[in-house]
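Q: Structure provided below as structure tokens; questions to follow.
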Amino acid sequence: MTFFNQCVNKTVDGVMSTEMKTESMSLQPLATSGGPKPQLLCIFGTGDLGRSLGLCLLQAGYSVVYGSRRPHSCGPLPQGAQVMSHVAAAQSTSVIFVCVHREHYQFLETMAPHLEGKVLVDLSNNLKKDMYPEANATYLQRLVPKAAVVKGLNTLSAWVLQNGVLAGKQVYLCGNTAEAKQAVADVATKLGLTVLDRGSLSAARELEDFPLQLFPQWRLPLRVAVCLTAFFFFYLLIRDVIYAYVEQGKDVSFRIMVALANKVFPIVSLIMLSLCYLPGVIAAFLQLYRGTKYKRFPDWLDRWMLCRKQMGLVALGFAFLHAIYTFIIPIRYAVRHKLISRVVDEMKNNKTTPFYFDNTEAWGTDSFFVLGILGFFLYVLLGLTSLPSVGGTLSWREFNFIQSKLGHLTLFICTAHGYIYGWNKFLRLSTYKWYTPPGYMLCLIVPSVVLVLKVLLLLPCVDRTLTRIRQGWERTQSKATNL
């Protein structure tokens, strides 16, 4: 008989003694008469994590018993659960979820005889990496050597469990006993989780470090955004503020808060958006060069492609800031003072400045605003479809159409928005202060390159070859066939 079968055969009625039954405090019967009893699971710990996990297990059809040092005063628990002492709860089931901190593991050592042959699922985490010389799960296994310790589900927080956002969420398991891991994996699968086996208990330290990572997929996009923001802020500070003070003797430092920032935000947003699609273009040309899709991309390209979604969301955030700052421009003190001064000057001189209708200027201004509005609308659409709750409702073709086709259309419209902004300034010498180009010219370089490369990939001869490669065709196979 295997270890797992021994665990399953320890049923509630055959193991629980009369003394333990008297000790338990039942809130509601475990199962109704006339049907099979649901599997009973035990939880050590009645805190937020233990209560949230118990509620999810009850909703999944399990029976739950809590082990507590104060079974008569442990606070409110999910309706339908039982609460007992640790010993009674441990002997009533074969799978125990340990939802207590490592500092309180000592009571488990005293319970070692009652935990023999049990599956202990360690859900603990630490406050920082390398807080202890060994992993919590390894320490627990040493305290209770005759139990099967499985490290897992530690990436689930009480908030996630309470809000029921478990469908498709990945969790990791590791342990030295395959049967014990399978028992825990069955429970996790029934909760709607996707289980990944990380091997033996030696991987517990790695699993315990996962929740301590601070936005791992956001680090590269945020670093790029911070670097771009800092560069263009100081670049435009020199061109717009310091240049005016040195060359013209004007103090326009007030522009730093709104006018300067409103130039930096769209620049960073457009570059970040183009960086979302640049790795895909590089990968396509790399596949064309190699003639196969079965060779791995370089590590830097893999890392870049994995954080494209985060780059797009950061770009959307900067686009939002640009839109908000644009709306407040008319209420700025400098703008209101300029308009009032012009009106007062016209009243004093008893004249009105005639409106000269310049058709070209009017077309350029209206096109500039329309492209900005359309680009921002598509920006928001891309951001919404990247949400799991929205993207999950789309088919693969619909999602690919929005994120790829509409994504490149968004990049094209936003790039055109930038070109129209300076369409009549590129050849003016006054535009190049201290022989430096304006910031909007610099920000158009990367998106223009991406769009040109994308057009090359859309050429029929290139697209046909790339499609064949992505369907499994290899250039080496073709040569071998000809020979």
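Q: Take the residues in region 367-398 that are farther than 28 Å from G418 by Cβ and assigned to a helix (DSSP H, G or I); name whichever of them is nearest to the chain's Cα centre (by Cα). Full working, then the answer.
A: Start the filter on region 367-398 by keeping residues that are farther than 28 Å from G418 by Cβ, which leaves 388-398.
Those left that are additionally assigned to a helix (DSSP H, G or I): 388-391, 396-398.
Numbers: P388: 10, S389: 13, V390: 15, G391: 14, W396: 20, R397: 22, E398: 21 Å.
Across region 367-398, the extreme among qualifying residues is P388.
Q: Among the residues in region 354-368, are any surrounded by 11 or more Cβ atoms within 10 Å (Cβ to Cβ) and either on the phi > 0 side of the Ramachandran plot or among the acidic types (D, E) (or both)? Before the answer, list the steps.
A: To start, the set of residues in region 354-368 that are surrounded by 11 or more Cβ atoms within 10 Å (Cβ to Cβ) comprises 361, 363-368.
Among the residues that remain, those that are also either on the phi > 0 side of the Ramachandran plot or among the acidic types (D, E) (or both) are: 361, 366.
Within region 354-368, one or more residues are surrounded by 11 or more Cβ atoms within 10 Å (Cβ to Cβ) and either on the phi > 0 side of the Ramachandran plot or among the acidic types (D, E) (or both).
Q: Do we have E208 as assigned by TED's automatic domain parsing to the domain that holds S269 and either charged (D, E, K, R) or under 27 Å from A158 (Cβ atoms) (or both) here? Explain how you work it out, then say what you get.
A: Numbers: assigned by TED's automatic domain parsing to the domain that holds S269: no; either charged (D, E, K, R) or under 27 Å from A158 (Cβ atoms) (or both): yes.
No, not satisfied.
Q: Picking from D197, D240, which residue would you name as being of a type in the set (D, E), modelled with pLDDT of 90 or more, under 28 Å from G439 (Cβ atoms) and surrounded by 14 or more Cβ atoms within 10 Å (Cβ to Cβ)?
A: On the way: D197 fails: under 28 Å from G439 (Cβ atoms).
Just one listed residue meets the conditions, D240.
Q: Quick check, is V226 of a type in the set (V, I, T), part of a helix (DSSP H, G or I) and crowded, with 19+ Cβ neighbours inside 10 Å?
A: No, not satisfied.
Q: Still on this structure, please answer the following. Restricted to region 448-483, and to residues that are more than 23 Å from S274 (Cα to Cα) and outside any helix (DSSP H, G or I), which residue is modelled with the lowest pLDDT?
A: The residue in question is L483.
Q: Are any residues in region 227-285 of a type in the set (D, E) and within 24 Å of F369 (Cβ to Cβ), and if so, which ones? Let's see the steps before the verdict.
A: Pass one, region 227-285, residues of a type in the set (D, E): 240, 247, 251.
If the condition is that a residue be of a type in the set (D, E) and within 24 Å of F369 (Cβ to Cβ), then D240 is the only one that fits.
Q: If you go through region 456-474 one residue at a time, do you hit one that is within 27 Å of A230 (Cα to Cα), surrounded by 14 or more Cβ atoms within 10 Å (Cβ to Cβ) and in the same structural domain as C276 (by TED's automatic domain parsing)? Walk me through it before giving the result.
A: Going through region 456-474, the residues within 27 Å of A230 (Cα to Cα) turn out to be none.
No, region 456-474 has no match at all.
Q: A further question on this structure: Among the helices (runs of 4 or more DSSP H) contained in region 67-174, which hold 3 or more residues that are touching a strand residue (DSSP E or B) at 6+ places or on another chain (Cβ under 9 Å)?
A: Correct list: 86-91, 136-143.
Q: Check region 263-271 and report whether any residue there is buried (at least 19 other Cβ atoms within 10 Å of the Cβ), over 27 Å from the mean Cα position of the chain (by Cα) and either in the same structural domain as P388 (by TED's automatic domain parsing) or part of a helix (DSSP H, G or I) (or both). Can you show your working first?
A: Pass one, region 263-271, residues buried (at least 19 other Cβ atoms within 10 Å of the Cβ): 263-271.
Remaining after also requiring over 27 Å from the mean Cα position of the chain (by Cα): 263.
Next cut, either in the same structural domain as P388 (by TED's automatic domain parsing) or part of a helix (DSSP H, G or I) (or both) only: 263.
Yes, there is a match, as at least one residue in region 263-271 is buried (at least 19 other Cβ atoms within 10 Å of the Cβ), over 27 Å from the mean Cα position of the chain (by Cα) and either in the same structural domain as P388 (by TED's automatic domain parsing) or part of a helix (DSSP H, G or I) (or both).
The values are calculated or read from the model by the stated rules, or taken from the named source; none is laboratory data. Keep in mind that this is a model prediction, so the values were computed, not measured. FYI the Cβ positions are ideal-geometry reconstructions off the backbone, even for glycines, and counts take in every protein chain you see.
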